[in-house]
Amino acid sequence: MTDVKVKVEHLTKSFGDLLVLDDVSFEVAKGEFLCIVGPTGCGKTTFLNSLTKLYEIDSGSIKINGQDIDLKKNNIAYIFQEYSTMEWLTVEQNIMYGLKIKHADKKLIKERTENVMKMVGLTKYSQYYPSQLSASMLQRVVIARAFAVEPELLLMDEPYGQLDLQLKYHLEDELINLWQKTGTTVIFITHNIEEAIYLSDRVLVLTNKPTKIKKSIQNNLPRPRKISSPEFVSLRNEVTDLIKWW
């Protein structure tokens, strides 16, 4: 039986009279890579912000390992749409930051930082500052910092939206490599259907507001995936048809 990492039951969230999330329930398995897609403005980011308690939910529950989320207890990392590097810190210091906040052992901080820098190709840029880096390099720093703390749950909110196609595919491959090596559970929000098919174990399709789950689609395509394969195109088309709300 698959271990359940995240269990969302009857999640409801409104902003004033606007009902955004309407009785949403689903589970995420331990180690699963779940992509969430839906129409623009349907509440994908609202869900992540509810999960991290940036927003208080109106009703329902969100549990990790069978217990209510406790950010003091649960090791959760969140990668936002915007670059969140600290301009006054070097690449190395940025990646170390989360571990230092958690008061990790100095030896562990050094080992983890060196490992993730190597995995995402940042070793020779360790003493650079964010202002000296390209957009794709900045995203590598943010991803490396998240994986350095070895989160049990990694939340990603359209992290590659501002990058061109070639850079996006390269970083997606690096993300998959890190995820496979660490076994982290990932919830990845995207409006890009092709990206969702390329990355996911499963795709959760949301409706327009008030948001419900329209369909959960298992993605068993073998990795590495070819976006030109008939199976990939078929799955992409299936999800595209589900998202159309006109």
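The values are calculated or read from the model by the stated rules, or taken from the named source; none is laboratory data. Here the structure is a predicted model, which means the values were calculated and not measured. Please note: Cβ atoms are built from the backbone with ideal geometry, for glycine as well, and neighbour counts cover all protein chains shown.
So for the range 88-98 (the condition being within 18 Å of GLU158 (Cβ to Cβ), surrounded by 15 or more Cβ atoms within 10 Å (Cβ to Cβ) and either touching a Leu at 6+ places or on another chain (Cβ under 8 Å) or at pLDDT 90 or above (or both)), does at least one residue qualify?
Checking the range 88-98: not a single residue is within 18 Å of GLU158 (Cβ to Cβ), surrounded by 15 or more Cβ atoms within 10 Å (Cβ to Cβ) and either touching a Leu at 6+ places or on another chain (Cβ under 8 Å) or at pLDDT 90 or above (or both).
State whether the residues of the range 163-175 include one that is touching a residue at least 60 places away in the same chain (Cβ under 8 Å), touching a helix residue (DSSP H, G or I) at 6+ places or on another chain (Cβ under 7 Å) and either buried (at least 17 other Cβ atoms within 10 Å of the Cβ) or farther than 22 Å from VAL4 by Cβ (or both).
No, every residue in the range 163-175 fails to be touching a residue at least 60 places away in the same chain (Cβ under 8 Å), touching a helix residue (DSSP H, G or I) at 6+ places or on another chain (Cβ under 7 Å) and either buried (at least 17 other Cβ atoms within 10 Å of the Cβ) or farther than 22 Å from VAL4 by Cβ (or both).
Among the numbered criteria (1) of a type outside the set (S, T, N, Q); (2) within 22 Å of LYS181 (Cα to Cα); (3) surrounded by fewer than 20 Cβ atoms within 10 Å (Cβ to Cβ), which one does VAL6 miss?
(3)
Just checking, how many residues over the range 190-204 are part of a loop (DSSP other than H, G, I, E, B) and closer than 19 Å to SER228 by Cα?
3
This table checks each residue for (1) assigned by TED's automatic domain parsing to the domain that holds ILE143; (2) surrounded by fewer than 20 Cβ atoms within 10 Å (Cβ to Cβ); (3) without any contact (Cβ under 8 Å) to a residue 40 or more places away in the chain.
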| position | (1), (2), (3) |
| --- | --- |
| PHE15 | no, yes, yes |
| SER50 | no, no, yes |
| ILE64 | no, no, no |
| ASP105 | yes, yes, yes |
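Surrounded by fewer than 17 Cβ atoms within 10 Å (Cβ to Cβ), at negative phi, among the polar types (S, T, N, Q) and in contact with a helix residue (DSSP H, G or I) (Cβ under 6 Å, 6 or more places away or on another chain): is that true of THR240 in this structure?
Yes: the conditions hold for THR240.
Can you tell me how many residues within the range 209-220 are more than 15 Å from GLU27 (Cα to Cα) and buried (at least 17 other Cβ atoms within 10 Å of the Cβ)?
Number of matching residues: 4.
Please identify the pairs in which a residue from the range 187-202 that is among the aromatic types (Phe, Trp, Tyr) has its Cβ atom under 7 Å from the Cβ atom of a residue that is in a loop (DSSP other than H, G, I, E, B), counting only partners at least 6 apart or on another chain.
Qualifying pairs under 7 Å: TYR198/ARG225; TYR198/ILE227.
So, in the range 155-184, how many residues would count as being acidic (Asp, Glu) and under 16 Å from ALA77 (Cβ atoms)?
Of the residues in the range 155-184, 3 are acidic (Asp, Glu) and under 16 Å from ALA77 (Cβ atoms).
Kindly list the number of the only condition in (1) touching a residue at least 60 places away in the same chain (Cβ under 8 Å); (2) not in a strand (DSSP E or B) that fails for PRO224.
In the conditions (1) touching a residue at least 60 places away in the same chain (Cβ under 8 Å); (2) not in a strand (DSSP E or B), PRO224 misses (1) alone.
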